[in-house]
Amino acid sequence: MRIGLLTGGGDCPGLNAAIRAVARRAEVGGHETVGLRNGWAGLATPGRPDAVELGHLDVSGILGEGGTVLGTSRTNPQDREGGMDAVRDNLRRLRLDALVAIGGDDTLSVAAALAERGEPVVGVPKTMDNDVAETDRCIGFDSAATTVMEAIDRLQSTAASHHRVMVVEVMGRDAGWIATYGGLAGGADAILVPERPIDLAATCHHLSRRATIGTGSSIVVVAEGVVLPEDLGDGTGDGATETLDAFGHPRLDRRGVGERLGREIETRTGIETRVTVLGHIQRGGSPSLFDRVLASRYGVAAVAAIEAGRYGVMVALRGDEIIEVPLSLVRGRNRQVDPSMLDLAALFG
């Protein structure tokens, strides 16, 4: 068979490990692998697929590299006139027998739509936000959360030296996985996530109390997707941006959640407050051990599903077992952090 492969949405560590695994497993099975460049953009232009053959040497040495050698984009063919027809036609033009789509909920929603049209698609969950439904872990999450932990480790000493509050803004649109796990591992004193409403008065009271003990410093981790209270002193309220991406999501980097929260904390408590926005540092760099192994398992499982003729599914981690779940159960859903983990993180504040 000829198996197509694409990586869509935001980049993250572990994508190249998954690409390598698909190509190597396909080779063992006697199949060819064709990489589609820049996510769905590689298939969405009528009559002009952007593809490259992926042989053994093409994926050699990429296991530990960050990013994706195929490139990526937030292209949504469902939002283009004739976009989905172009994808279908280009699959035929490239003589592909199946397609592996590696991505988050947006990329997988397009894969689910293709599956509904009868196309042979298998999904692989990738997002550092870790919020894809029906799987315990997504490629990229462990690496991103580890980066946050390491950043907090470094910020602890400078916060203590100046007796400051340090606000650390991390990624997380609809779920606070990175903030919760990275903050818990880094010893954050307050963690603010989309799953729970912010009680700013209680948070500031907590920080004021901490200013009188120990080093007098605190670390506050906030996910970029949190809804800020309407009574902010700057009069902006939540102030979500009107700038949207291809899938209709607000551009969270334009909201300035960390900066606005930092100013409000300083105003209410009188404690000198500094803000660090980790941004795309969380996306870059070499994948962790966990992500390398997970991505390798996912890539192999995706090809196994194709060989068995099981399409319209996503490979997923359930406990320590790789399973398959229907893409229809994944589409349009968001997996939030378990309340018990939020309670655990709060215990150490």
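The values are calculated or read from the model by the stated rules, or taken from the named source; none is laboratory data. Note that the structure is a prediction, hence the values are computed from the model and not measured. Cβ sites come from the backbone with ideal geometry, for glycine too, and all protein chains shown count toward neighbours.
Brief remarks on what is shown
- Counting only residues that are over 24 Å from the mean Cα position of the chain (by Cα) and either crowded, with 17+ Cβ neighbours inside 10 Å or free of Cβ contacts under 8 Å to residues at least 40 places away in the same chain (or both), the stretch 30-47 holds 5 of them.
- Filtering the stretch 12-63 to residues that are of a type in the set (S, T, N, Q) and at pLDDT below 95 leaves only THR45.
- Helices (runs of 4 or more DSSP H) lying entirely in the stretch 7-102 (those with 3 or more residues that are in contact with a Cys (Cβ under 8 Å, 6 or more places away or on another chain) and not aromatic (Phe, Trp, Tyr)): none
- Only listed residue being at pLDDT 95 or above, in contact with a Ser or Thr (Cβ under 7 Å, 6 or more places away or on another chain) and closer than 18 Å to GLY258 by Cα, chosen from ALA190, ALA145, ALA179, ALA223: ALA190
- Of all residues in the stretch 127-144, at least one satisfies being under 30 Å from ILE219 (Cβ atoms), of a type in the set (Val, Ile, Thr) and not in a loop (DSSP other than H, G, I, E, B).
- Any pair with Cβ under 8 angstrom, 6 or more apart, that starts in the stretch 253-268 at a residue that is within 18 Å of SER218 (Cβ to Cβ) and surrounded by 17 or more Cβ atoms within 10 Å (Cβ to Cβ) and ends at one that is among the basic types (Lys, Arg) and modelled with pLDDT of 95 or more: GLY262/ARG274
- Residue ID - nearest to TRP177 (Cα to Cα), chosen from residues in the stretch 195-213 that are without any contact (Cβ under 8 Å) to a residue 24 or more places away in the chain and assigned to a loop (DSSP other than H, G, I, E, B): ASP199
- Take the conditions (1) outside any loop (DSSP other than H, G, I, E, B); (2) crowded, with 19+ Cβ neighbours inside 10 Å; ALA346 misses just one of them, which is (2).
- Residues of the stretch 296-312 that are touching a Pro at 6+ places or on another chain (Cβ under 8 Å) and buried (at least 23 other Cβ atoms within 10 Å of the Cβ): TYR298, ILE306.
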